[in-house]
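Participant: Shown below is the structure under consideration.
The values are calculated or read from the model by the stated rules, or taken from the named source; none is laboratory data. Keep in mind the model is a prediction, meaning the values are calculated, not measured. We place every Cβ from the backbone using ideal geometry, glycine too, and count neighbours over all the protein chains shown.
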């Protein structure tokens, strides 16, 4: 799980509950996070709060 905090991104392993989940191959997830592939691309699956994902992508710089 990756969370965005004011000072930095944080990540943790293990089963956790999330408001939005983006699933796919690691390379494809990195392409989504870096905005090189849109979240609606067939290579990834988004479940949960899509508006939260859009907000996260709009406010996280890489």
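Participant: Could you list, in sequence order, all residues of region 1-26 that are part of a strand (DSSP E or B) and exposed (fewer than 10 other Cβ atoms within 10 Å of the Cβ)?
Facilitator: In the first step, residues of region 1-26 are kept if they are part of a strand (DSSP E or B); the result is 2-4, 9-11, 20-24.
The one that is part of a strand (DSSP E or B) and exposed (fewer than 10 other Cβ atoms within 10 Å of the Cβ): 11.
Participant: Looking at residue 51 and the list (1) under 12 Å from the mean Cα position of the chain (by Cα); (2) exposed (fewer than 13 other Cβ atoms within 10 Å of the Cβ); (3) touching a residue at least 12 places away in the same chain (Cβ under 8 Å), which single condition is not satisfied?
Facilitator: (3)
Participant: Right, something else. Sort out which residues of region 12-59 are farther than 15 Å from residue 1 by Cα and modelled with pLDDT under 90, and write them in order of number.
Facilitator: 59
Participant: Do we find a residue being assigned to a strand (DSSP E or B), over 11 Å from the mean Cα position of the chain (by Cα) and surrounded by 10 or more Cβ atoms within 10 Å (Cβ to Cβ) anywhere in region 27-47?
Facilitator: Step one: of region 27-47, the residues assigned to a strand (DSSP E or B) are 44-47.
If we keep only those that are over 11 Å from the mean Cα position of the chain (by Cα) as well, we get none.
No: zero hits.
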